[in-house]
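First comes the structure, then the notes that go with it.
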Amino acid sequence: MISLPLVYTILALIAYTAVFWYLVMHLMSKRAYNPWFIGIVSSLGLILHASVLYNDMVTPQGINYDVFNLMSFTAGLMLLLSLLYSTYRPVLSLNLLGIPVAGFGLILGFSFSQPHQFIEEHSLGLDIHIILSLSAYAVLLMATIHAVVLWLQNRELKKKQKKRIWVSFLPSFQAMESLLFDMLITGFILLTVALGFGFFTIDNFFAQHLAHKTAFSIVSWFVYGALLIGRYKFGWRGQKAIRFTIIGFFLLAVGFIGSKFVLEMILNR
């Protein structure tokens with residue numbers, strides 16, 4: 001018998017695929033696209049995505065923090081934020097990147113998530129801290145992908161290539177750079193709140209496997225903070241902004257994903 005989560009997954013993937021090809025066809029033919037169609041169908045896909053994720057993550061025993069569930073959550077949140085940013089900046093075409101990421105995350109979460117991946121000392125405060133941390137991670141991952149795309153755009157502009165894929169299909173470099181700092185500000189605020197919440201809700205914040213995760217997160221926080229100060233005080237942009245963004249996320253990923261992968265997949269904890 002076909003389960004309801006499977007039906008929701010298939011319908012969500014159909015919605016994502018429809019929007020993706022709609023964007024591709026209109027951008028390739030240089031025709032204007034309908035933002036309402038993109039927004040409504042993408043939102044429908046996200047609602048179905050969230051339903052599948054809710055079924056896997058929220059259980060009577062607590063929230064299931066399986067690594068593949070977290071990937072699915074991160075991917076869906078990235079697409080949601082991409083749609084929200086596109087409501088006030090001309091960057092709707094960036095969903096060409098956001099939609100495949102969301103679809104891939106949904107497939108991973110539905111296909112490979114394992115039950116009973118719960119935290120032993122469960123509490124509402126700890127759940128809030130984790131959700132805030134995941135949200136910060138999602139936004140800063142978006143910013144990092146965005147920074148890589150900016151680097152590709154900048155390279156095409158400097159080399160004056162005839163076939164400019166990244167320049168032709170995506171928004172202007174100026175709009176993309178402005179959006180990068182929107183993402184960085186959002187991610188920095190979420191990371192600040194997550195760290196602050198963690199200090200007040202986790203009894204021993206530097207204990208066990210949290211020590212190196214906390215240290216890397218704090219160093220990453222300083223990197224992002226320095227970049228934002230440099231942007232608004234010294235006008236940092238371009239290559240410097242790209243480098244700081246990538247370094248900051250690398251530090252965050254080492255602490256967050258590295259420890260999660262080792263504990264679950266290698267140590268089976």
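The values are calculated or read from the model by the stated rules, or taken from the named source; none is laboratory data. Note that the structure is predicted; figures quoted are calculated from it, not measured. Surface accessibility is based on the protein's heavy atoms, side chains included, excluding ligands, DNA and RNA. Shrake-Rupley method; radii C 1.70, N 1.55, O 1.52, S 1.80 Å.
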* To do: Can you sort Ile246, Ile14 by 1.4 Å-probe accessible area, starting with the largest?
  => Ile14, Ile246
* Asked: How do Leu6, Leu44, Leu77 rank by accessible surface area computed with a 1.4 Å probe, from largest to smallest?
  -> Leu44, Leu6, Leu77
* Asked: Where the accessible area of segment 56-96 is counted over protein heavy atoms with a 1.4 Å probe, how much of it, in %, is carbon and sulfur?
  -> 71 percent
* Rounded if a/c is under 1.5, else prolate if a/b is larger than b/c, else oblate: which is segment 25-112, with a ≥ b ≥ c the root eigenvalues of its Cα gyration tensor? -> prolate
* To do: Among the listed pairs Lys30/Lys240; Lys158/Lys213; Lys213/Lys240, give every one whose C-alpha distance is greater than 30 Å.
  => Lys30/Lys240; Lys158/Lys213
* Rounded to the nearest 10 Å², what accessible area does Arg243 show when all protein chains are kept and the probe is 1.4 Å? -> 130 Å²
* Asked: Residue by residue, what Karplus-based ³J(HN,Hα) values in Hz, rounded to whole numbers, does segment 107-113 have, using 6.51, -1.76 and 1.60 with θ = phi - 60° and x for Gly and Pro?
  -> 4, 4, x, 5, 7, 10, 5
* Structure fact -> Expressed in square angstrom to the nearest 10, the accessible area of Lys233 with a 1.4 Å probe stands at 150 Å²
* Asked: In percent, what relative contact order does segment 1-85 have, based on Cα pairs under 8 Å that are 6 or more apart in sequence?
  -> 33 percent
* Structure fact -> Expected vector for segment 31-48, Karplus 3J(HN,Hα) from phi with 6.51, -1.76, 1.60 and θ = phi - 60°, integer Hz, x for Gly and Pro, equals 9, 5, 9, 8, x, 5, 4, 4, x, 5, 5, 5, 5, 4, x, 5, 5, 5
